[in-house]
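Notes follow the structure.
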Amino acid sequence: MPELPEVETVKRGLAPVMEGSRIRRAELRRPDLRFPFPPAFSEALEGRRVVSLGRRAKYLLIDIEGGDVVIAHLGMSGSFRVEGAPEAETPGDFHMPRSKDTRHDHVVFHLETAEGERRVVYNDPRRFGFMDLARREDIAAHAFFRDLGEEPTGNTLDADYIAAKFRGRQAPLKAALLDQKNIAGLGNIYVCEALWRAHLSPERLAGTLVTAAGKPKKELVALTEAIRQVIADAIEAGGSTLRDHIRADGSLGYFQHSFSVYDREKEPCRTPGCTGTIGRIVQSGRSTFHCAVCQK
């Protein structure tokens, strides 16, 4: 499933085309994705301008004039592509062939832009993604967002914040980091990477990183920095290229090639001086990759 950096990449790829454009028509080619589309979804968007694009956790937010917000989730296989733009206007440095399988083009936003007509197409073979519509003033209280923790990209995510969330917790560190109520948007891949960078075992109990007085230990300070840095590196690289995730312009991200631990089972650990080998364990039904030698 695309994680936070992938969704951020999509947002940045779509913003130059969508922001300021007018939605001439919102074409729905089926009545539902993972969930049915909201009633009168197309009618609510047609003729209105796109004010801005944002992101919260793994959700793409498209603000429409008048105060409505399209909430989009990519699910397992969803992606956007831009059609109608000259190649020079295609965002991204690395280009791959666009998907030709139009059978899975389920939503088409027909846009009027300053450069002419453009189409933003949502393609989703598995249809695990979805779109919803909400009022901007209601977003914070929306069921998707009201319980989310801080973003790993903001200055509010520091060791003191995480210490307050982890204090007394007996859950494994991996599970605590994947809990969206603690930190919003972290997923399996980048949790594995952050724990490796911080040299912490995914099986260590979260509460052991906090002092009796509720203050972060030095290991938690290191983990906080690792989380922020691995997410920043992934966003800069353009997101991962796992399975069929593609960027908004149809090109693939490339951070996959920089993974240090994820999906590297039986390969040597890349920590300088470490003689360990990357292993794989299963936690809550998901694969966890780590080095048992240098991650304690």
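Would you mind getting the accessible area per residue of the chain, heavy atoms of the protein chains only, 1.4 Å probe, in Å²?
Counting only protein heavy atoms, the per-residue value for the chain is 45 Å².
Evaluate the distance, in nm, between pseudo-label points positioned 7 Å from the Cα of Lys296 and of Ser258 along their respective Cα→Cβ axes.
It is 2.9 nm.
Using Cα atoms only, what is the angle between the long axis of helix 188-197 and the major principal axis of the chain, expressed in degrees (0 to 90) to the nearest 10?
The answer is roughly 40 degrees.
Within a Cβ distance under 15 Å of Gly47, other residues only, what is the Lys/Arg minus Asp/Glu net charge?
-2
Could you estimate the translational diffusion coefficient of the chain from the Stokes-Einstein equation, with Rh from the Kirkwood formula over C-alpha pairs, at 4 °C and 1.567 mPa s, in whole µm²/s?
64 µm²/s
Taking a threshold of 19 Å on the Cα-Cα distance, which of the pairs Lys11/Lys181; Lys58/Lys218; Lys181/Lys217; Lys165/Lys217 fall above it?
Lys11/Lys181; Lys58/Lys218; Lys181/Lys217
Quick one: go through the range 208-235 and flag any residue whose amide nitrogen is under 18 Å from the point 7 Å out along the Cα-to-Cβ line of Ala164.
209-217, 220-221, 224-225
Based on the Cβ-Cβ distance of Lys215 and Glu137, what FRET efficiency does E = 1/(1 + (r/R0)^6) give at R0 = 45 Å, to the nearest 0.05?
0.75
Can you give the angle from 0 to 90° between the axis of helix 4-18 and the longest principal axis of the chain, with both taken from C-alpha atoms, to the nearest 10?
20 degrees
Rounded to the nearest 10 Å², what accessible area does Ser52 have for a 1.4 Å probe in the complete protein model?
Ser52 has an accessible surface of roughly 40 Å² with all protein chains in place.
Quick check for you: which residues of the range 184-224 have the amide N under 18 Å from the point 7 Å beyond the Cα of Ile281 toward its beta carbon?
188-209
How high is the FRET efficiency from Glu46 to Ala114, r the C-beta distance, R0 22 Å, rounded to 0.05?
The calculated FRET efficiency here is 0.70.
With a cut-off of 8 Å between alpha carbons and a minimum separation of six or more residues, what is the relative contact order of the chain in percent?
Relative contact order, the chain: 20 percent.
In what sequence, largest accessible area first, do Asp158, Asp105, Asp263 appear using a 1.4 Å probe?
Listed by decreasing accessible area, they come as Asp263, Asp158, Asp105.
The values are calculated or read from the model by the stated rules, or taken from the named source; none is laboratory data. Every value quoted in this text rests on a predicted model; they were computed, and no experiment measured them. Heads up, the Cβs are rebuilt from the backbone with ideal geometry, glycines too, and the neighbour counts pull from every protein chain shown. Just so you know, the surface numbers come from the protein's heavy atoms only, side chains and all, with ligands and any DNA or RNA stripped out. Shrake-Rupley method; radii C 1.70, N 1.55, O 1.52, S 1.80 Å.
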